[in-house]
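**Q** Structure incoming, see below.
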Amino acid sequence: AVIGGDAFYDAGDQGCSGPAFKEIVAILTELDRGRTLEIRSTGRAGRDGLRAFCRMRGWPIEAEDAGPVGDRILVRKP
């Protein structure tokens, strides 16, 4: 974890869509309240959908970081 997540998921070049989205949601659902999931993705697919889903669920996005080995999104489970 680069930006300090309690858990980490590497979506790789598939981005945050399809099967990766289901896995991300499953991990977030299982996390204890207040814990964070850092998601790494090199693909652009699904990021806007993930952001919208997090807003609808009330899961704040604590940080985002664009880096040379993939973008990172840090989501907190309230």
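The values are calculated or read from the model by the stated rules, or taken from the named source; none is laboratory data. The model shown is predicted, which means the values in this text are computed figures rather than measured ones. Here the Cβ positions follow ideal geometry from the backbone for every residue, glycine too, while neighbour counts run over all protein chains shown. Side chains are part of the model used for accessible areas, which takes the heavy atoms of the whole protein and leaves out ligands, DNA and RNA. Shrake-Rupley method; radii C 1.70, N 1.55, O 1.52, S 1.80 Å.
**Q** Sequence gap at least 6, Cα distance under 8 Å: using those rules, report the relative contact order of the chain to the nearest whole percent. Provide the component values of the computation, followed by the final result.
**A** Working: 148 pairs, mean separation 28.4, N = 78.
Answer for the chain is 36 percent.
**Q** Now, a different point. Select from 52, 68, 11 the residue farthest towards the positive end of the dipole of the chain; place +1 on Cβ of Lys and Arg, -1 on Cβ of Asp and Glu, and compute about the Cα centre.
**A** Going by the Cα projections, it comes out as 52.
**Q** Leaving out ligands and nucleic acids, note down the accessible area per residue over the chain with a 1.4 angstrom probe, in whole Å². Numbers along the way, then the final one.
**A** On the way: 4300 Å² over 78 residues.
Averaged over the residues of the chain, the accessible area is 55 Å².
**Q** Quote the FRET efficiency, to the nearest 0.05, computed for residue 3 versus residue 44 with a Förster distance R0 of 22 Å and r equal to the Cβ-Cβ distance.
**A** Details: r = 19 Å, r/R0 = 0.84.
My answer for the efficiency is 0.75.
**Q** For the ranges 36-47, 13-24, 60-71, what's the packing order if you count other beta-carbon atoms within 10 Å of each residue, average per peptide, and put the highest first?
**A** On the way: 36-47: 19.3, 13-24: 16.4, 60-71: 12.7.
Averaged packing, sorted descending, gives the order 36-47, 13-24, 60-71.
**Q** For residue 13, project a label point 7 Å along Cα to C-beta. Then give me every residue of the range 41-58 with its amide nitrogen under 11 Å of that point.
**A** It comes to 42-43, nothing else.
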